[in-house]
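The values are calculated or read from the model by the stated rules, or taken from the named source; none is laboratory data. All values derive from a computational prediction rather than experimental measurement. Every residue, glycine as well, gets a Cβ built from its backbone with ideal geometry; the counts of neighbours run over all protein chains shown. Surface accessibility is based on the protein's heavy atoms, side chains included, excluding ligands, DNA and RNA. Shrake-Rupley method; radii C 1.70, N 1.55, O 1.52, S 1.80 Å.
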Amino acid sequence: MRISDEELEVSDEEEDDSRALVVAKRFNLDDVDARENDASDQEFGALDVQPYLMDEVGLVEAALFERIHEHQLEVKEGIRSQLSTLELDLISKNQKDASAFARIDKYSEARRETDRKLDTLYQRNIAEALDDHLTAIQRDHEIKSQMEERRIRIDAEEAKRKEKAVQEERLRQERAREEAEAKRRAEEARIAALEAEKKAKEEAAKREALKTVVSSEQTNATAVNTPPNQDSQSQASKSNTTKASQSAGDIVRASASALSLEQGRLQKLRELEDQNQSLMSMSNMNLGQHTRPIGRLIRQIRGIEENVRTKASELLKIFKNPACPESITIAAFAKKAVEHCENPDNAAFASAQVIVLITSQVPYAMDLILAEFHKACIYTVPKHIAYSKAAFSSKEAYYKEQLGFKEDGGQLESVKDYLKRMEAYMRLYGALVQTETVRGIENPHGPAAGWSWLARFLNALPANSFTAVALNAFLQTAGFVLYRKYKSQFAKLLHMVSSHFLKALKTRNDPDLRPIITEIESYIQDKSFLKEPEGRRMEGKPLLSSQMPSEPEYNQYNQYNNTYRR
């Protein structure tokens with residue numbers, strides 16, 4: 001019987017399992033052979049044929065037995081060969097594993113050595129980077145310290161330079177002030193000399209007139225012998241002198257006190273402008289840049305109590321700036337405050353309060369503001385200049401030079417535009433004079449000045465469209481306070497307006513005057529002076545009840561007006 005090759009084939013899985021279970025040691029083939037021999041002997045012991053049976057079995061069975069015995073020997077030899085091969089493979093694998101483990105250990109050691117070197121290099125790089133960083137920080141600190149020291153030194157030098165410039169500017173201002181004072185004294189001396197000369201001439205003229213009277217009385221008896229042509233010539237010269245004086249009186253209509261105040265204020269403004277011009281010419285700095293914020297602050301004035309206080313405070317800070325002389329900023333404020341009233345968003349009452357707060361700290365600023373008012377609008381004096389062909393070269397020159405008409409593109413503005421501007425100036429002026437106190441500060445040009453203005457206006461100025469617009473704007477803003485303060489006396493002035501001024505306007509029979517006549521009549525007949533003007537009350541500042549006109553006062557005016565009407 002032959003064993004097939006399939007039975008002798010060992011699968012890969014069984015070979016792997018057998019390899020896994022084999023212990024790495026050398027087999028003792030002698031033991032295996034001995035055991036196998038013993039086992040085979042025991043296994044086939046029963047198959048041993050006794051010689052005496054050979055004859056009985058026969059040749060076929062003997063051949064079969066022989067073949068089985070050979071096959072068993074072949075199987076045993078094959079098993080021994082496979083075991084030897086497995087042992088050799090196992091030994092080779094163990095050697096390979098040992099070599100691999102040795103390489104792994106060597107690689108691990110090399111890797112650890114490399115890691116140690118890299119770690120050392122990394123720590124060295126970190127230390128160098130940290131050292132470089134600390135060095136850079138120290139260098140930056142040193143540079144910053146040097147820059148700070150340099151900045152401090154530059155600031156100190158700049159402060160010294162500014163202080164020196166301020167001192168020099170102060171010295172220049174003092175010199176300019178001294179020069180201006182010297183000029184003023186010289187001008188006063190010149191004016192005094194001229195006045196003395198004028199008085200001397202007047203006294204001499206009076207003495208001459210007295211001598212002429214005496215001589216005329218002495219020569220009355222011989223008047224018949226006087227040549228008629230000489231007498232007629234003297235009379236003609238006297239009449240011409242009288243006409244000239246009357247003509248001059250008709251051209252300028254104003255009270256003497258108002259003209260005197262106007263000349264004094266304009267003289268102060270001219271002196272300040274000359275002083276400022278001298279300062280700006282001597283200074284190397286651009287002083288005009290310090291006046292630019294003034295116009296911006298004036299344009300930002302609103303009818304709010306906090307806004308008025310804030311804007312006045314900011315303006316005072318500009319005036320006290322040592323980099324620019326106070327006279328320059330004050331002059332700019334006076335000019336821009338008056339010019340701002342032409343803007344549509346002008347808050348007249350709030351602007352007036354700002355002016356009062358400013359002039360309380362800079363008293364001479366009030367004369368400058370009033371001078372700017374007089375330059376912009378002659379009716380704030382109050383004054384009116386009539387047209388005369390003998391006195392003026394042309395009517396255009398009269399409008400432009402005397403009344404203050406503006407010229408644009410070679411053409412004068414229209415009468416309507418002019419009246420609109422005059423109304424704006426008079427509203428601001430009326431708002432100023434009606435302001436009594438602001439935050440406990442008394443207005444130096446308050447209701448008393450407004451009363452004087454109204455009395456001078458009614459006594460001296462004629463009734464025409466210009467003066468009517470000025471009077472109406474003034475009453476609309478200042479009438480409320482004037483009536484509250486002067487009561488029946490103010491009512492008398494309103495009666496004069498009704499009975500004289502409006503009557504004179506009506507006699508002109510000018511259709512263009514009807515709207516302004518109606519407006520003034522409505523103001524008086526409706527007792528609008530009993531109502532507080534719109535915009536007078538600042539937001540956040542309620543009007544006290546004591547400031548409102550009382551009913552008895554109203555009845556007193558009504559009774560007085562009715563009496564005069566009868």
Query raised in the report: Ranked from highest to lowest mean number of other Cβ atoms within 10 Å per residue, what is the order of the peptides 459-468, 295-304?
Result: 459-468, 295-304
**Report entry** Dipole magnitude of the stretch 453-529, debye to nearest 20 (Cβ charges: Lys/Arg +1, Asp/Glu -1, about Cα centre)
**Finding:** 360
Report summary line: Heads up, the stretch 419-539 by the C-alpha gyration tensor (a ≥ b ≥ c square roots of eigenvalues; a/c under 1.5 rounded, else a/b over b/c prolate, else oblate) looks prolate
Report summary line: From the Cα centre of the stretch 412-434 to that of the stretch 274-333, the distance in Å is 25
Report summary line: Among K375/K395; K183/K375; K375/K416; K160/K336; K416/K485; K183/K320, the pairs whose Cα-Cα distance exceeds 30 Å are K160/K336; K416/K485
Report summary line: Placing each pseudo-label 7 Å from Cα in the direction of the beta carbon, R177 and S499 end up separated by a distance in nanometres of 5.4
Report task. Please sort by residue number the trypsin sites (Lys or Arg not before Pro) in the stretch 352-430 whose DSSP state is loop and whose Cβ has at most 12 other Cβ atoms within 10 Å. Result -> K389, K406
Report task. Express the accessible area of the stretch 386-499 per residue in Å², computed with a 1.4 Å probe while the remaining protein chains stay in the model. Result -> 42
Query raised in the report: Is the stretch 474-523 rounded, prolate or oblate when judged by the Cα gyration tensor, a ≥ b ≥ c being the square roots of its eigenvalues, rounded requiring a/c under 1.5 and prolate requiring a/b larger than b/c?
Result: oblate
Report summary line: Mean Cβ-within-10 Å packing, highest first, puts peptides 154-160, 274-280 in the order 274-280, 154-160
